[in-house]
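The values are calculated or read from the model by the stated rules, or taken from the named source; none is laboratory data. From a predicted model like this one, the values you see are computed outputs, not experimental measurements. Neighbour counts are summed over all protein chains in view; Cβ atoms, including those assigned to glycine, are modelled from backbone coordinates with ideal geometry. With ligands, DNA and RNA removed, areas are computed over all heavy atoms of the protein, side chains included. Shrake-Rupley method; radii C 1.70, N 1.55, O 1.52, S 1.80 Å.
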Amino acid sequence: MFLPYLGKDHLYPNDPNGSPGLVEFRLGFSMKLDAATHAMNASLTSVKDLKSLLSHLGDNYRGVQTLLSLAVAASELNSFAKAVFASINEVNKLLQEQDDCDNEVRDLVGKMAECLGAIADVKKIAREDLLQVLETVDLLLCDTASFVGRYRSQSASSRFFSLIRSDKMRDELALLTARFSTFDRKFDRGIAVQTASTTEKIHAQVLTDSDSQLLRNLKPGGFVHEPQECMADTRVDILRVITDWARTADGPNTFWLRGHPGTGKSAIAATVRTILHGERRLGASFFFRREDSATQTPKALWCSIAHDLALQSPVIIRPKIIEQLRDQKVEPNSWGYTDVLSKLITGPLELPPGEDDDRPLVVVIDALDECGGFEHWQPYQKQVIPVLSRLQSLRLRIKIFITSRNDAYIKSVLGSNGLHDCQVLEVGDNTTSKSTEDIKKYLEHGFADIAAESTTIKQPWPDPASLQLLANTAAGLFIWASTVLKLVGDGNPPKTLDAIIKTGTIVSSNGDPLAHLYNAILTSRFTQAEHISAFTAVVGAIITARTPLPAADLVQLLSGEQLDEYDVEMVYKKLASVLDTGSGLRFLHQSFPDFILALPVQNPFHYAKGTHERRMGSACLATMEGELHFNMANIETSYVMNADIPDLPERIPLYIWYGCRFWTSHIQHNDDPTLVQRVTDFFYLRFFFWLEVIDSRGGEGAVSALETLLEWEQLNDELRLLTQDTLTFVRYATPARLSIPQIYLSAIPFAPTGSRLRQLYAGRIANFVQSGGDVAWHPHQAVFYGHSCAVTSVSFSHDSKRICSASEDQTIKISNADIWNVENDRNDHGNLTLLGHTDIVNSVVFTPDDRRVVSASHDGNIIAWDPNLKMSQEVGRIALSGIKVYSVAVSPKHIVAGLDDHSVRVWDLNTYQQLASLVGHTGIVRSVTCSGNHALISGSNDGSIRVWDADTFSPVGEPLMGHEGQVLAVAISSDGTLIASGSYDEKVRIWDLQSQELLGVPLTGHIDPVTCVAFSWDKTILVSGSDDWKILLWDVQSGNRIGRVLEDHLLNIRGVAFSPDGKYLVSSDNDATIRLWSVHLAKQVADSPPGHTDYVNCVCFSPVDAVFASASYDSTIRIWDSSTYQQIGEPLTGHTNFIESIAFSRDGKQLVSGSHDCTVRSWDVHTQTEIVVLTGHTMAVGSIAVSPDLIASSSLDRIIKFWSIETHAEVASFSDGHEDLVVCIRFSPDASVFATASRDHTIRLWHAETHEPIGTLRGHTDSVQCIAFSPDSLSLVSGSPDGSILFWNILTHEQLGGPIQAHDSYVLSLDISPDGQFVVSGSEDCSVRLWDFQSRARVGGIFDGHTRPVCSVAFAPTGRKIVSGARDCTTRLWDAEISNPQNFNLLLRGSNIFPPM
């Protein structure tokens, strides 16, 4: 029970408000001088003369001594407690002299000491039940002290005998002992209860700390800006207007304070923030600075506001924001600004219906016009300002206070021509007596501070007349007054002030005082040519820099441009009145760089943008050329994550990071021809070192830097291809963002073998792990989840930033398509869900201005939504009773829909009033589209396509006929000249809108109905999607297939759309997913050779050349070069039905095939011509095998035939001997034996010369689908529909070990590597897998890529490559070395020090 004292205060971290703090648990004494302690002192006095009471106790008393020693140590905290425990010690010493004290008294004294120790330790921290227990102990202590006193009054002998003879004394002693025991139990229970309670509170506090960390992740760092507030008693009238607005729940929700530069808007905003914070009305604040545009992105704005609101509203807003963050409904580090806005701002701030907020919080946003800086102001402001406007249409818990210049765009949105629910106040537009008086007070206060630091300035200074003159000259510009004060305070104050007054800085009211002041600073401080040169270099660099750099880093960056630290120091000292030299060189107010930028060319201080951009670009390249090397951050082990290296960003100097991050931006307008070679050298020599630097700060900026380089006019074709390859590499190399060593351990090895970067660098990396997989980058960029049923329609916004999707789950979702956005270069899969339909949503599309999304449903409703703000923001609805709407399209004026009543209907886009019902189709109108305001196109189940005039709504010409089935999809080119259609007849057609004629021939390639079509915005590419799960690309002009088959979807394709910027293609299907594809990569030749238009049923390698062959249900055979991945010659045609099996002759000169047309054919591999057609089978030929002398064929007619490989004459024909069909036939490598596998669950072995059976292998419980011999002809493997593979000894006919469960479905094909070490298997589960022959263990990962069952697999003669053919109509080539056990394990483990280059 006793709690020893903890010798110092104990602190527990706590963060109830989302910011760091401490809760202090202090253990000490709070005992008061009460009756119990008086009694104890009295008892002490009464026992001083006791003798030898402990002589009978011996060693048993050591427990009391220990307790008392602990109590004495604890008593050092409190003087009174110290006195009490000193008395107890004295009692102990006196009692030790008594040898006749019995055990009862000793125990009682011990319990008393123990009790005092416990009370002393816990009384101050006791709460609830424990405190009640402690409150009962005083009486017990008094009674004990009384007993001790009475006990002392007897002699030692009489005390001893009284304990023996006196029941009263014994009973009293027993009662006291029992009372102490009861106290012990209650005390222990109280301790347990309080401990549990404290633990629970601590647990709750830990959760609070976790939530606090989530909030801290929202707050962007690196641009904290605290503007100076208004001086006391200035701007009183303006502040009163603003605070009156803030304190009123009614009235406009937005207040816009606008004015010219230097009128003190930021100071007013800072003061408003302080006032509102004191009144607990402040929700959040954000102060833009133009030079911080790299970090002050739109997303950073909303994240910062969400963070502040959560802190200011812990009861209402914080739980909602925490819920979004904790459940990862929004991820601020990777999601786009629209998702952050909807999930962290509009959602948590929305007022429930019927509820009002009579005390809304105010969000302060300062310098809105500086959002985006010089580089991104246009896109950033267009992302932020309209949102601020639209927020007013929602019922939120906030009001918004904004300051900015009188910007035309902001005015169009917030001013008199824009938002009506906005209060506007102009500041500094006209000089008023009040503003002049405020500036006078400000100057007077500032001059007083300057004078206070000097012993030579004589008062009054300045004189009243000069002070008034200065105030008048300021013309309402506080920045002018602030600059004057800084200028005067920097040097000889009286002399500088006199110069300002006497040298013409004081101008008439019609002049620009700020320009005159800045000009005076320059002309007075920079009088020598070398000083002016240094000024233009330094100030030009500061203005040009994309983000502020400290002076030392700026010097390092520009060291090659003849700029040294002395120049920089001289300039910033002379510009101390306008330049901030804190964390980075930046100007105190935007008005100064504006002044410099406005200077004419002939002015010596003129800013020559081109010159400075070229200088900065060259400096960045020079920095990379001189500083980049392997292992830039000196990382000692590859086992560490970037996040586990706290000082990782600081390990690389800021100027090196700056050069790496912004070099592509600075060289944009540089036409120096030598830069091409320097950029080429960068890619060839330094690219991965550059990536190390970028990834040291999270990888931010890598994608945008390379995208910017693609816009460089000097980029030649080779550099463009290399840049595109590196851009793709960076997008895929996500492990490197987490751990820099993974650039070399995984990113490069796993890059496609055709990647230019991999080819450049693979040979330079020691112990490079050769990995397999694709040859080229796959076009698949992202998959979007969220829908729970088939996604029926997809559409891009016209700015290419968003995707809308419709689904059978009755919802519409808005997703961020800009997955590699400039803000953070991170993949972004955010969804906004729109709810309102009650049945399948068939179609969805953005309006031309992207301000609305329009959807159509089986429920008969067409709904218009606002996609920009929040869930289910419906803005218009068209209800059609009892009618299903299959398709919707939007023009600048109209909404057009196709209905199941066979009509096409048209509504006004703005009023939603019906304008026309177009009749003519005789079937459901499955698809509609628009050509601007000129034509409407519809396709129907009746097999026709109709064109309608968009003005008169009358039909144009005759229906377009040609499809042999229902028209499921129509599309029109962006220029309105071409129509594309897809049909149930599996064909795509292209039509000329003007002539209404079919262009060329129907496009064939799909093997199921074509469900969707779309043109690229430049009209060069047509895409089609089908129920065959494939997406095909077509060249519009030639009608030929281009690029690869896009086949990652797992079910029927339902929708396709190109992004207007031409970069991406989006598709949807019945498996509830949306997929994003790179058009650039999709147009490239596929890594798996294209060509077959139906199932690839069999593949095989030539035994002597680096070629392989594939055969298909399309009745063709194709021969491929395995090193170039290109088809050799034309397809081999002749078979009239499916080809089931192919095999090369042992010398590689012939290729033999068997087909459902009942024939066996032999082909000359060199000439690619047919040699002979072998007939004799009466049914389909199912399998072919070749020995050095023979061709063997098995058929559904249950006959096996042998043919001479040389003469092609039939040499034998005999029954297969099985009880069911033979599925596969194979010769052993030594040609002594052949084997047949059958559906009767057995494998038969035959003598190759006599054709006599020599044994039957039994063990499968299902059909045997495939077999393969080992190279030594002593073993055989077999596969079955149950997913198992069995290993056999040919000599003993016994199994080698047990079966392995290799796949989840049919094993359709097997092969053994030429060295006998590995077995490869292909399965109906769409995978290819590799197995160790001896251990039966799977080697490496699963070879994923095929989207339908893998029918055939084969090793190359070298064993280094595997070819596979599948029912997805593709052949894939794999690098088998990825699954070499040693290499694979090495790849997983990496190495302790990642490999040097």
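Check every one of the strands (runs of 3 or more DSSP E) wholly within the stretch 834-915 and list those with 2 or more residues that are within 23 Å of residue 1055 (Cα to Cα), open to solvent by less than 30 Å² (accessible area, probe 1.4 Å) and touching a residue at least 24 places away in the same chain (Cβ under 8 Å).
Passing ranges, in order: 841-846, 853-857, 861-865, 885-890, 894-899, 904-908.
Taking the conditions exactly as written (buried (at least 19 other Cβ atoms within 10 Å of the Cβ), at pLDDT 75 or above and within 17 Å of residue 574 (Cα to Cα)), does residue 537 satisfy them or not?
yes
List the strands (runs of 3 or more DSSP E) that sit entirely inside the stretch 1284-1378 and contain at least 1 residues that are of a type in the set (Ser, Thr, Tyr), under 23 Å from residue 1119 (Cβ atoms) and open to solvent by less than 20 Å² (accessible area, probe 1.4 Å).
Because the criterion is at least 1 residues that are of a type in the set (Ser, Thr, Tyr), under 23 Å from residue 1119 (Cβ atoms) and open to solvent by less than 20 Å² (accessible area, probe 1.4 Å), the strands (runs of 3 or more DSSP E) in the stretch 1284-1378 that meet it are 1307-1312, 1350-1355, 1361-1366, 1371-1375.
Take residue 1222 and tell me if it is modelled with pLDDT under 95, open to solvent by 50 Å² or more (accessible area, probe 1.4 Å), on the phi < 0 side of the Ramachandran plot and of a type in the set (A, V, I, L, M).
The answer is no for residue 1222.
When the stretch 1295-1309 is examined, which residues are found to be farther than 14 Å from residue 1331 by Cα and touching a strand residue (DSSP E or B) at 6+ places or on another chain (Cβ under 7 Å)?
Once the filter is applied, which keeps residues that are farther than 14 Å from residue 1331 by Cα and touching a strand residue (DSSP E or B) at 6+ places or on another chain (Cβ under 7 Å), the stretch 1295-1309 yields 1295, 1296, 1297, 1305, 1306, 1308.
Do we have residue 1128 as in a strand (DSSP E or B), open to solvent by 10 Å² or more (accessible area, probe 1.4 Å) and touching a helix residue (DSSP H, G or I) at 6+ places or on another chain (Cβ under 9 Å) here?
Considered against the rule, which asks whether it is in a strand (DSSP E or B), open to solvent by 10 Å² or more (accessible area, probe 1.4 Å) and touching a helix residue (DSSP H, G or I) at 6+ places or on another chain (Cβ under 9 Å), residue 1128 comes out as no.
Taking the stretch 613-648 as the search range and keeping residues that are farther than 19 Å from residue 557 by Cβ and either part of a helix (DSSP H, G or I) or of a type in the set (Phe, Trp, Tyr) (or both), which one is most open to solvent (accessible area, probe 1.4 Å)?
Out of the qualifying residues, it is 639.
Can you spot a residue in the stretch 1039-1057 that is among the β-branched types (Val, Ile, Thr), crowded, with 20+ Cβ neighbours inside 10 Å and in contact with a helix residue (DSSP H, G or I) (Cβ under 9 Å, 6 or more places away or on another chain)?
No: zero hits.
Scan the stretch 541-551 and give yes if some residue there is closer than 23 Å to residue 514 by Cβ, touching a residue at least 60 places away in the same chain (Cβ under 8 Å), of a type outside the set (Ser, Thr, Tyr) and part of a loop (DSSP other than H, G, I, E, B), otherwise no.
yes
Of the residues in the stretch 1131-1157, how many are open to solvent by less than 60 Å² (accessible area, probe 1.4 Å) and either assigned to a strand (DSSP E or B) or more than 26 Å from residue 1197 (Cα to Cα) (or both)?
Residues in the stretch 1131-1157 being open to solvent by less than 60 Å² (accessible area, probe 1.4 Å) and either assigned to a strand (DSSP E or B) or more than 26 Å from residue 1197 (Cα to Cα) (or both): 15 in total.
Under 6 Å by Cβ, and 6 or more places apart or on different chains, what pairs join a residue from the stretch 638-651 that is closer than 16 Å to residue 694 by Cα with one that is of a type in the set (S, T, N, Q) and in a loop (DSSP other than H, G, I, E, B)?
641/739; 642/739; 648/696; 649/696
Could you please find all residues in the stretch 549-565 being of a type outside the set (Gly, Ala, Ser) and modelled with pLDDT of 85 or more?
Answer for the stretch 549-565, where residues must be of a type outside the set (Gly, Ala, Ser) and modelled with pLDDT of 85 or more: 549, 550, 553, 554, 555, 556, 557, 558.
Of all residues in the stretch 697-738, how many are part of a loop (DSSP other than H, G, I, E, B), modelled with pLDDT of 85 or more and open to solvent by less than 10 Å² (accessible area, probe 1.4 Å)?
Here the count works out to 1.
Which pairs have Cβ atoms under 8 Å, sit 6 or more apart or on different chains, and link a residue in the stretch 587-604 that is part of a loop (DSSP other than H, G, I, E, B) and surrounded by fewer than 20 Cβ atoms within 10 Å (Cβ to Cβ) to one that is among the aromatic types (Phe, Trp, Tyr) and modelled with pLDDT of 80 or more?
Taking only residues 6 or more apart or on different chains, the pairs are 599/605; 599/607.
Out of 1005, 1000, I need the residue that is over 26 Å from residue 805 (Cβ atoms) and more than 36 Å from the chain's Cα centre (by Cα). Which one?
1000
Just give me the residues in the stretch 1206-1219 being surrounded by fewer than 14 Cβ atoms within 10 Å (Cβ to Cβ) and either part of a loop (DSSP other than H, G, I, E, B) or within 59 Å of the chain's Cα centre (by Cα) (or both), in sequence order.
1206, 1207, 1209, 1219
Tell me whether the stretch 673-680 contains one or more residues that are assigned to a helix (DSSP H, G or I), open to solvent by less than 20 Å² (accessible area, probe 1.4 Å) and either within 30 Å of residue 528 (Cα to Cα) or not charged (D, E, K, R) (or both).
Scanning the stretch 673-680 turns up at least one residue that is assigned to a helix (DSSP H, G or I), open to solvent by less than 20 Å² (accessible area, probe 1.4 Å) and either within 30 Å of residue 528 (Cα to Cα) or not charged (D, E, K, R) (or both).
Here are some conditions: (1) open to solvent by less than 40 Å² (accessible area, probe 1.4 Å); (2) under 24 Å from residue 755 (Cβ atoms). Residue 685 meets all but one. Which one does it not meet?
Looking at each condition in turn, residue 685 falls short on (1).
Applying the selection to the stretch 260-297, what residues are β-branched (Val, Ile, Thr), open to solvent by 30 Å² or more (accessible area, probe 1.4 Å) and at pLDDT 80 or above?
274, 275
Which condition number in (1) outside any strand (DSSP E or B); (2) in contact with an Asp or Glu (Cβ under 7 Å, 6 or more places away or on another chain); (3) open to solvent by 50 Å² or more (accessible area, probe 1.4 Å) is the one that residue 1171 fails?
For residue 1171, the failing item is (1).
Name the pairs: first residue in the stretch 957-983 and under 14 Å from residue 923 (Cβ atoms), second residue surrounded by fewer than 14 Cβ atoms within 10 Å (Cβ to Cβ), Cβ to Cβ under 6 Å, at least 6 apart or on different chains?
The qualifying pairs do not exist here.
Residues in the stretch 985-1008: is at least one farther than 20 Å from residue 931 by Cα, assigned to a loop (DSSP other than H, G, I, E, B) and among the basic types (Lys, Arg)?
Yes: the stretch 985-1008 contains one or more residues that are farther than 20 Å from residue 931 by Cα, assigned to a loop (DSSP other than H, G, I, E, B) and among the basic types (Lys, Arg).
Show the residue pairs that are 6+ apart or on different chains and have beta-carbon atoms under 8 Å apart, the first residue being within the stretch 1252-1265 and assigned to a strand (DSSP E or B), the second being of a type in the set (Val, Ile, Thr).
1254/1233; 1256/1242; 1256/1243; 1257/1242; 1257/1243; 1258/1242
Hey, among the residues in the stretch 739-761 that are among the aromatic types (Phe, Trp, Tyr) and over 14 Å from residue 684 (Cα atoms), which one's surrounded by the most Cβ atoms within 10 Å (Cβ to Cβ)?
744
List the strands (runs of 3 or more DSSP E) inside the stretch 1051-1103, counting only whole elements, that have at least 1 residues being within 22 Å of residue 731 (Cα to Cα) and either at pLDDT 90 or above or in contact with a Pro (Cβ under 6 Å, 6 or more places away or on another chain) (or both).
1053-1058, 1064-1069, 1074-1078
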